[in-house]
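Here's the structure, in structure tokens; my notes come after.
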Amino acid sequence: MDTTTDTQEVAMTILRQMGGTGRLSVMIGAKHFLSFGPAKEGSDTGRGLGAVSFQFMKSAGKPNFIRVTLQSDDTYTVEFGMIRGMNFRQTKTLDGMYAEDLKRVFRDETGLVLSL
């Protein structure tokens, strides 16, 4: 089992479910895509079964960062936050989200739409 390939596969699956990197980049200015490998027991690195995060354009008072983590029950944990310079502040965490909820949750929390 190639962890790097599995990590990238989980990240790409999440991004496809949200519309794909091309659409995310064009529609919301997404950048700084980062994939995370699975969490290892006794380690602070890794997330769930894998994760992806990225930064996007900010609306006034809304988050500009998201991290989506695949959990073992085939749901997602979605974390929103605000990045400004070198400072990060987490604003909301939603557990138990399904793939079909990702676009709606993103719209509700950021005010940005991921589909035409």
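Taking first residues from region 78-89 that are modelled with pLDDT of 95 or more and partners that are of a type in the set (Ser, Thr, Tyr) and outside any strand (DSSP E or B), the Cβ contacts under 9 Å between residues at least 6 apart in sequence or on separate chains come to 80/110.
Here residue 70 meets the list (1) free of Cβ contacts under 8 Å to residues at least 60 places away in the same chain; (2) touching a helix residue (DSSP H, G or I) at 6+ places or on another chain (Cβ under 7 Å) almost entirely, failing just condition (1). Annotation note: of 33, 80, the sole residue that is of a type outside the set (D, E, K, R), out of contact with any Pro (no Cβ under 9 Å at 6 or more places or on another chain) and either loosely packed, with under 15 Cβ neighbours inside 10 Å or within 22 Å of residue 112 (Cβ to Cβ) (or both) is 33.
Residue-by-condition table, conditions (1) under 22 Å from residue 108 (Cβ atoms); (2) touching a Ser or Thr at 6+ places or on another chain (Cβ under 8 Å):
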position	(1), (2)
37	no, yes
67	yes, yes
72	no, no
75	yes, no
87	no, no
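Considered as a group, the residues in region 79-98 that are of a type outside the set (A, V, I, L, M, F, W, C) and in contact with a strand residue (DSSP E or B) (Cβ under 7 Å, 6 or more places away or on another chain) include one that is nearest to residue 30 (Cα to Cα), and that residue is 81.
Scanning region 90-115 for residues that are in contact (Cβ under 8 Å) with a residue 40 or more places away in the chain and in a loop (DSSP other than H, G, I, E, B), we see that the one that is farthest from residue 13 (Cα to Cα) is 111. The set of residues in region 49-68 that are in a strand (DSSP E or B) and not basic (Lys, Arg) comprises 51, 52, 53, 54, 55, 65, 66, 68.
Table: residues versus (1) touching a Leu at 6+ places or on another chain (Cβ under 8 Å); (2) surrounded by fewer than 17 Cβ atoms within 10 Å (Cβ to Cβ); (3) among the hydrophobic types (A, V, I, L, M, F, W, C).
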{"position": "10", "(1), (2), (3)": "yes, no, yes"}
{"position": "41", "(1), (2), (3)": "no, yes, no"}
{"position": "91", "(1), (2), (3)": "no, yes, no"}
{"position": "107", "(1), (2), (3)": "yes, yes, no"}
{"position": "114", "(1), (2), (3)": "yes, no, yes"}
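The values are calculated or read from the model by the stated rules, or taken from the named source; none is laboratory data. Just so it is clear, the model here is predicted, and its values are computed rather than measured. Because the Cβ atoms are built from the backbone with ideal geometry, glycine has one as well, and the counts that use them run over all protein chains shown.
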